[in-house]
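Each value in this text was obtained by applying a stated rule to the coordinates, not by laboratory testing. Just so it is clear, the model here is predicted, and its values are computed rather than measured.
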Amino acid sequence: MARNGQHPQLFREPKKHLQNLSQSIIDEVLSDAQETAMNSKEDVEVKRMPQYLQVTQSRMAKKGTIDLKPFFARSSKKKFNKQGQWYLTIPIRKKTRDMPRRSYDKLRNMPQSNKPVTVNLDYLYDRRKSSSPSVSKMNYKPKSNNITVIPEQYGEGTRNTYVAFRTVSANSPANSWIINRSNVNQDDMSKTLLENINRLMKYKLKTLGR
């Protein structure tokens, strides 16, 4: 919340503080995830799985397709709600060149403001469709389409930083924080591996679920 009429430091110096906040979390998580992929070190959650699903997840990790949720759960920066469940809010900077054209046009035509403005864009994640994995159960569209437009002083004028705030928690679906999911495809993986990945996702969504 604003204090003494001023916005939090994130809104006053977005580039600096976004990097400090999101990168400190992502660096911690990705470092842990990379170590797991390299060493095939299994997470406690994974050990409940049948052996062939553990092997399948390890093979996915070595190809760079990793579920980040277990690593967020171990992060030193996670917080807890009143029910004792962990959560983390991740600010993800969105570059206009990575947005669907409709999103870019709507943001570009917005009236200039000197305060942060949150906008709902129904088509914010449309580009995900073009890089969908071969296993449909790995697909996931974030529930919130909100993006916050944060004006930043630039020379004699301003330029905007665009941020999507996503929350990962104990209740996040098992397919919601998988990175490099497009690596799961028929060109790079055998039919048998894809079938096992499909079984893995069914297991995680039904058994581990959250």
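Close amide H pairs (under 5 Å, H built 1.01 Å from N) link TYR125 with no residue at least 5 positions away or on another chain. A full extension of the chain between LYS143 and ASP187 corresponds to an added length of 12.9 nm, given 0.36 nm per residue minus the alpha carbon distance. In order along region 164-177, phi translates into HN-Hα couplings of 9, 8, 10, 10, 10, 8, 4, 9, 5, x, 5, 9, 7, 10 Hz, rounded to whole numbers, per the Karplus curve 6.51 cos²θ - 1.76 cosθ + 1.60 with θ = phi - 60° and x for Gly and Pro.
Phi angles across region 58-71 convert, under the Karplus curve 6.51 cos²θ - 1.76 cosθ + 1.60 with θ = phi - 60°, into 3J(HN,Hα) values of 5, 5, 4, 4, 5, 8, x, 9, 10, 7, 7, 4, x, 7 Hz, Gly and Pro given as x. Taking the centroid of alpha carbons for each part, region 66-145 and region 156-192 are 8 Å apart. From the Kirkwood radius over Cα pairs of region 63-135, Stokes-Einstein at 4 °C and 1.567 mPa s returns a whole-number translational diffusion coefficient of 81 µm²/s.
Near the amide H of ILE66, within less than 5 Å, lie the amide hydrogens of ILE179, all on another chain or at least 5 residues away, with H placed in the peptide plane. Across region 197-206, computed HN-Hα scalar couplings (Karplus, 6.51 cos²θ - 1.76 cosθ + 1.60, θ = phi - 60°) run 5, 4, 5, 4, 5, 4, 4, 5, 5, 8 Hz from first to last residue, x flagging Gly and Pro.
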